[in-house]
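What follows draws every value from the coordinates through simple rules; no lab data is involved. This structure is a prediction, so every number in the text was calculated from the model and none was measured.
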Amino acid sequence: MLIGELAEAAGTSTRALRYYESHGLLRAGRSANGYRVYDDAELRVVREIRTLLGIGFGIDDIKPFVACLRAGHPSGDVCPDSVAVLRRKIAEVDAGIDRMREVRDRLQDQLTIAIESRETACFSKTC
């Protein structure tokens, strides 16, 4: 299929497909007139790429998933390299959650102090 057909089937742009190809994620042949021609299997690869990008994976993180699909597996997340990326990403998310909890706790403490200070100030004066 041509690049426009693949883009339409995958719900993306031809620009995105060229970008994926430039990073080695997609494979395209060339027709006699120089147009990119994609195998039907590339649609599955594009869908995997878009899903992973949508949940925050970077291009380099996606490469093991694509390699796993290309190796003939039904899913891109069953190979050891893909599982390693998943584990690393979960650890990154967990660390981000921990940081956000710390920030929330600090903000809550600051709010509590602010309210107490305001109530003390208002008790001694008319607010």
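Shown for the chain are no DSSP H helices, since none reaches 24 Å along its axis, judged by Cα atoms, with a mean Kyte-Doolittle hydropathy of at least 0.5.
Normalising the average separation of contacting C-alpha pairs (under 8 angstrom, six or more residues apart) by the number of residues puts the relative contact order of the chain at 14 percent.
Potential lengthening of the chain between LEU43 and VAL103 amounts to 17.4 nm, from the contour at 0.36 nm per residue minus the alpha-carbon distance. Amide H to amide H distances under 5 Å link LEU2 with TYR38, where only residues 5 or more positions off or on other chains count and H is placed in the peptide plane.
With Cα atoms as the point set, region 37-127 shows a radius of gyration and Dmax of 24.1, 79 Å.
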